[in-house]
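**Q** My structure is below; once you've seen it, I'll send some questions.
Only the coordinates and a few stated rules stand behind these numbers; no lab work does. Just so you know, these numbers come straight off a predicted model, no measurement behind them. All Cβ positions, even for glycine, are placed from backbone atoms using ideal geometry, and neighbour counts span all protein chains on display.
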Amino acid sequence: MDTANNQTQNLNYNPHNPNLTNPGSKKFARDYDKEPIVIKSYERLFIVTLPVSSLFFAGVLACFVRDFIDGYTSDYKDLYIVPVMFLYTLAWYLFLMIFNKHEIKFTNKYIDFIVNGKVKRRCLVKSEDMSRPFFLHDNFSKDKKIGNEIFLYIIFIGSVIFSDGLAITLFFFMYVSNVFIKICFYAVINCSLKGFKIFPFLKVAEPSYPYYVHRVNFFFSRYYLVYLYKEKIYMEIKEYFLQKDIDIDNVRKSYYFM
């Protein structure tokens, strides 16, 4: 009898049992309707600060490089932009994050974008809409306007041709500034850089726009972007999507500069 009990006990506690070794198995899957993930949304803050800050910092750095190559002695007056951009970002932070409560809620079927307790948009989880943009947008949209894309690339090519190399330097420093600003945001929020990623954004839907705004105006895009601002949150969101057979580490990455 003792032998039979021991055999039963060994079967129940088999370390190779897939249900025990795989916490993501259906048997142990978390019910997100009962236990949803709710995180802060920094989407609007980044949309109104990251492109502007990246562009201004890139402009200052590009001018320094140009002056250095041309042999000019800079008096560093352009550095006034640093406190200006800090105050600009701080003002938007106070307006968007202190006086308004922006949240994102993950349930079994939906991702809700919530402002001051009201659901502003409810998105179905669809892998084809997902990407990891380096900036804030990608160029994978199915309904993107070809005319807008052509217009932007014409501006880019024209800038490269007629700016005597300054445009290339400017675009390069936009990416450098982008990384620097992300590092600053992450360090302020976490008091550490542990878990920092160059691609901290997860696009989970196509951007929504107010009816009175043309879609090319990306400053008004909203309710589509998740900022993974902590390592713990990153792992929770990753587990959420893994239960839907989506690995956020492997979704498409976009270096689109808008």
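**Q** Going by C-beta contacts inside 10 Å, put 137, 102 in order with the fewest on the left.
**A** Arranged by neighbour count, lowest to highest, 137, 102 become 102, 137.
**Q** Place the peptides 172-185, 36-49 in order of packing, highest mean first, counting for every residue the other Cβ atoms within 10 Å and averaging per peptide.
**A** 36-49, 172-185
**Q** Next question. Report the extension gain between residue 233 and residue 69 in nm, rounded to one decimal, defined as 0.36 nm multiplied by the number of residues separating them, less their alpha carbon distance.
**A** 54.6 nm
**Q** With a Förster radius of 25 Å, plug the Cβ-Cβ distance of residue 109 and residue 35 into 1/(1 + (r/R0)^6) and report the FRET value to the nearest 0.05.
**A** E between residue 109 and residue 35, to the nearest 0.05, is 0.95.
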